[in-house]
Amino acid sequence: MSQIKEQFEQLKHGTVEIFNDTELAEKLAASAKEKRPLRIKLGLDPTSPDIHLGHTVVLRKMRQFQDLGHKAVLIIGDYTARIGDPTGQNTTRPMLTTEEIEQNAQTYFKQAGKILDTAKDKLEVRYNSQWLSNLKLADIIKLTHVITVARMLERDTFEIRYKKGRPIGVHEFIYPLMQGYDSYAVKSDVELGGTDQTFNNLVGRDIQKAQDQQPQVVITMPILVGLDGIEKMSKSKNNYVGVTDEPNDMFGKIMSISDEMMENYFTLLTDLPGDKITELTDGSKTHPKEAKVMLGKTIVTQFYNEATAELAAKEFDKVFAQGQLPDEIPVFKLPAELITVKQLLLACKLVETGGEAKRMCAQSGVTIDGQKAADPNAQITPKAGMIIQVGKRRFAKIK
């Protein structure tokens, strides 16, 4: 029994809510007695192709379950992605094409494998089109009996949009039912998700009960705040650290977070014990820069290795503390013909859009051979050896 209690405390660490504690403890005990691994569900709608550290908060909790002998069931929401999850949306989200969904799904699985144990006895990957595409209209109507319109409108995003007179598509009411049906289809014992998924995941419990299936335990995890310290981590807000970022860029981004954010990042993104985190985030015991360097190394090591993390830390110190150029700068071959600063930045892949180029110039974030470039429309002739820098971490050299 002490072993079950120990597992329970380990799994509870870092969570926001468990619906409910008693059921989770009972499921863990039954799993040990029957020697049957629990089925731990996590649904991912492939609405974008990249996974960032915010996504890994839930994936890391799933890995904990795997390490304790349970089976991860990763559901790629290829069918539900066609509807679009209304979670956190103030407007109706556009539907994706089948090609976009498939491409994003393949990328998701590859990136999730950086955190999860992908052995066949540890991970089961399912596409929810396997069962949802077979539902008839009568089946869907039967599902709608599980939840009332009044309860749907209690959901914060729907409530806000309804009060402001913004449109809510009927298909958006269907989404939580489809996601909940996934839990029934895969016989989920536990479902993981961020706090923004609480409503959807609890609907899964209701549907399982309606289908005479033992309801899943729902565990919610915190939403990781992005690098700006304000909004949740998101690629669209450009405040994210991608799991496929280059080591130097990954380390540099971590070093840019505020001291106040370190405890949250250490807790949600590392396996360090609580007392060690307290020591690292106490300014009287550990200098904030030293703690941040350890955080950066720890995260880079997770996705690469310890030697790469050490090199990234040294490179950061060389470029930012000593003001030197990095050892490796991407080289671009351009003709010696007049182009604008904006075109130069795009050609060297230092920005993704012309709008970003304008913004970085306006923020004094662009230098060419050590000189500030404030006008994105100014003309310049590329020359061999020219060094272009955008922000603190992006460099390019002209061949």
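The values are calculated or read from the model by the stated rules, or taken from the named source; none is laboratory data. Bear in mind that the values here come from a model prediction, so they are computed numbers and not experimental data. Because the Cβ atoms are built from the backbone with ideal geometry, glycine has one as well, and the counts that use them run over all protein chains shown. Each accessible area value is taken on the protein alone, full model and side chains, heavy atoms only, with ligands, DNA and RNA left out. Shrake-Rupley method; radii C 1.70, N 1.55, O 1.52, S 1.80 Å.
Data table
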| read-out | value |
| --- | --- |
| Whole-percent carbon and sulfur share, accessible surface of segment 11-85, 1.4 Å | 50 percent |
| Sparsely packed trypsin sites (Lys or Arg not before Pro) within segment 1-43, loop by DSSP, other Cβ within 10 Å at most 14 | Lys35 |
| Length added when fully stretched, Phe320-Ala29, from 0.36 nm per residue minus Cα-Cα | 99.5 nm |
| Pairwise label distance in nanometres, His287 with Asp117, each label 7 Å out on the Cα-Cβ vector | 4.0 nm |
| Modelled FRET efficiency - R0 41 Å, Ser258 with Asp21, Cβ distances, 0.05 increments | 0.80 |
| Mean accessible surface per residue for segment 132-280, computed with a 1.4 Å probe while every protein chain stays in place, in Å² | 47 Å² |
| For the chain, built as a Gaussian network whose Cα springs stay under 10 Å, the top-fluctuating residue of Pro273, Pro215, Pro335 | Pro335 |
| With at most 11 other Cβ atoms within 10 Å, longest stretch of the chain clear of loop GluC sites (Glu not before Pro) (DSSP) | 1-327 |
| Model label zone, Gln214; criterion: amide N under 13 Å from point 7 Å along Cα-to-beta-carbon; scope segment 1-38 | 23-38 |
| Which of Val390, Ser258, Ile299, positive extreme of dipole for segment 243-399 (C-beta unit charges) | Val390 |
| Choice from Thr367, Thr220, Thr118 with maximal GNM fluctuation in the chain (Cα, 10 Å cutoff) | Thr367 |
| Linear extension gain, Ser133 paired with His13, 0.36 nm per residue minus alpha-carbon span | 39.5 nm |
| Stokes-Einstein D for segment 163-264, Kirkwood Rh over Cα pairs, 4 °C, 1.567 mPa s (µm²/s) | 79 µm²/s |
| Relative contact order for segment 238-312, counting Cα pairs under 8 Å that sit 6 or more residues apart, in percent | 37 percent |
| Mean Cα-pair separation over length for the chain, i.e. relative contact order, pairs under 8 Å, 6 or more apart, % | 14 percent |
| Percent accessible area from carbon and sulfur atoms, segment 316-366, protein chains only, probe 1.4 Å | 50 percent |
| Point-charge dipole on Cβ atoms (K/R +1, D/E -1) for the chain, about Cα centre, debye to 20 | 680 debye |
| Pairwise label distance in nanometres, Glu310 with Thr353, each label 7 Å out on the Cα-Cβ vector | 4.2 nm |
| Modelled FRET efficiency - R0 22 Å, Thr267 with Ser236, Cβ distances, 0.05 increments | 0.30 |
| Cα-based helix-to-principal-axis angle, 306-316 vs the chain, degrees rounded to 10 | 40 degrees |
| Crossing angle, helix 2-12 versus the chain [Cα axis fit, 0-90 degrees, rounded to tens] | 50 degrees |
| Surface share of carbon and sulfur [accessible, 1.4 angstrom probe, percent] for segment 218-306 | 47 percent |
| Segment 270-371: equivalent-ellipsoid semi-axes (sqrt of 5 x gyration tensor eigenvalues, Cα, Å) | 37, 16, 14 |
| Beta bridge orientation in the chain: antiparallel %, DSSP, nearest 5 | 45 percent |
| For the chain, calculated [θ]222 nm from helices alone, where every DSSP H run of n ≥ 4 adds -39500 (n - 2.57) | -13000 deg cm²/dmol |
| Long pairs among Lys164/Lys232; Lys120/Lys209; Lys136/Lys209; Lys349/Lys383; Lys292/Lys372, criterion Cα-Cα beyond 19 Å | Lys164/Lys232; Lys120/Lys209; Lys136/Lys209; Lys292/Lys372 |
| Net dipole in debye of segment 329-399 [+1 Lys, Arg Cβ; -1 Asp, Glu Cβ; about Cα centre; nearest 20] | 240 debye |
| Low-density loop positions, trypsin sites (Lys or Arg not before Pro), segment 289-337 - DSSP coil, at most 10 other Cβ in 10 Å | Lys333 |
